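Visitor: The structure that follows is given in the form of structure tokens.
The values are calculated or read from the model by the stated rules, or taken from the named source; none is laboratory data. Note that this is a predicted model, so its numbers are computed, not measured. In this analysis, Cβ positions are derived from the backbone assuming ideal geometry, glycine residues included, and neighbour counts consider all displayed protein chains. All accessible areas refer to the heavy atoms of the entire protein, side chains included, with ligands and DNA or RNA removed. Shrake-Rupley method; radii C 1.70, N 1.55, O 1.52, S 1.80 Å.
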Amino acid sequence: MTTTASSKSASSLGPIRISAYLSRLPSLTHTEFSAHWLLSHAPLVVPWALKFNVINYTQTHLNPDIQANFTGTMKMPLLQYDGLGQMSIGGSIEEFAMAFVHPYYREVIAKDEKRFLAVGTDVETEPVATEIKDRGWETGAIMTAGSAVDIIRDGEVKIEVSDAIWEEWRKWDTTAK
């Protein structure tokens, strides 16, 4: 997973938007990856994200057919990832970093990530640069094309999160105090 974020504070330019380019485990199909990320993982993330001042959480599920059509039609290179997760945070990056030491993240979210993410993999930049040169593209811009699913928008949960997940969250949140 690769993450990027603005170095500006939330107060100077608005909320900080953090983007994570995700690669699926090789053992999963793209459909299996997307289903797990949206239907199993996202509900686990919701209570934790709200606790740590995430005001928007969006998943972009990259579709190989859409990407092939985009590349052929637009004549532009695309990053080769399976998904793009984005979170806008209302506080500082330092405050948000504290979310990753919370026991719920370590024991619930991180363990679930190992079920579908190829953690620690990055896109190979050399093949992308070679493809840009070989195709004669004169752009440094690399884009992604897919369907975005808002999980949290303006602080409001946009998906179904079961009572059992909220109960599990309350158990972990209580133990962290």
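Visitor: Calculate the FRET efficiency for Thr29 and Arg170 from the Cβ-Cβ distance with a Förster distance of 35 Å, rounded to the nearest 0.05.
Guide: 0.50
Visitor: Which percent of the accessible area of region 35-109 is formed by carbon and sulfur heavy atoms (probe 1.4 angstrom)?
Guide: Of the solvent-accessible surface of region 35-109, carbon and sulfur hold 61 percent.
Visitor: Scan around Thr60 for amide H atoms under 5 Å from its own, H built in the peptide plane at 1.01 Å from N, and keep only partners 5 or more places away or cross-chain.
Guide: Counting only residues 5 or more places away or on other chains, the set is Leu84, Gly85, Gln86, Val149.
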